[in-house]
Amino acid sequence: MSSKKTEPSFSFPRPDQPSRCTWAPDADPADNPHTRKYPNPPNQYILYPSILHTIGNTPLVRLNVIPKEEGVQCQMYAKCEFLNPSGSLKDRAAWRMIEDAEATGVLKPGYTIVEPSSGNTVPQPQQPAKSL
């Protein structure tokens with residue numbers, strides 16, 4: 001096993017640099033270069049087949065005070081992951097682990113999930129597992 005540190009094959013844009021994105025939320029949706037081409041109309045209720053389908057479908061809200069106080073010259077948004085079903089940002093990771101375990105045959109119907117962790121990760125597999 002090599003102890004050599006590998007660098008990621010991609011780079012994240014630095015938050016203190018000017019944004020290269022020229023699209024704005026109030027622009028024509030047809031010109032949106034991002035993946036979600038069809039935003040939900042405001043005040044529309046969405047019916048999900050189960051609580052599991054709501055994981056990650058949390059609102060994106062514009063930050064106004066922080067960018068202004070810090071002199072940031074771009075629009076900043078925050079994803080409200082605390083609005084996931086269990087109230088944690090770790091719901092996505094827990095659900096993905098369960099999905100992968102089922103897909104590979106490691107987790108089968110009737111098996112018990114044991115989470116050998118501490119802190120706020122512990123309850124996360126419970127929510128998706130209870131909903132299966």
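We did not get these values from a lab; they are worked out from the coordinates using the rules stated. Treat the numbers as computed from the prediction; the structure is a model and nothing was measured.
Key figures
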| item | result |
| --- | --- |
| Distant-in-sequence amide H partners of L63 (H built 1.01 Å from N, under 5 Å) | M76, Y77, A78 |
| In sequence order, calculated HN-Hα J values of region 98-113 (Karplus, 6.51, -1.76, 1.60; Hz; x Gly/Pro) | 5, 4, 5, 5, 5, 5, 8, x, 5, 10, 10, x, x, 6, 9, 9 |
| For N32, distant residues with modelled amide H under 5 Å away | none |
| Calculated from backbone phi, Karplus (6.51, -1.76, 1.60) coupling profile of region 71-84 in Hz, x at Gly/Pro | x, 6, 9, 9, 7, 10, 10, 10, 8, 8, 5, 5, 8, 5 |
| Karplus-derived 3J(HN,Hα), 6.51/-1.76/1.60, for each residue of region 19-30, Hz, glycine and proline x | 6, 8, 7, 9, 7, 10, x, 8, 7, 4, x, 5 |
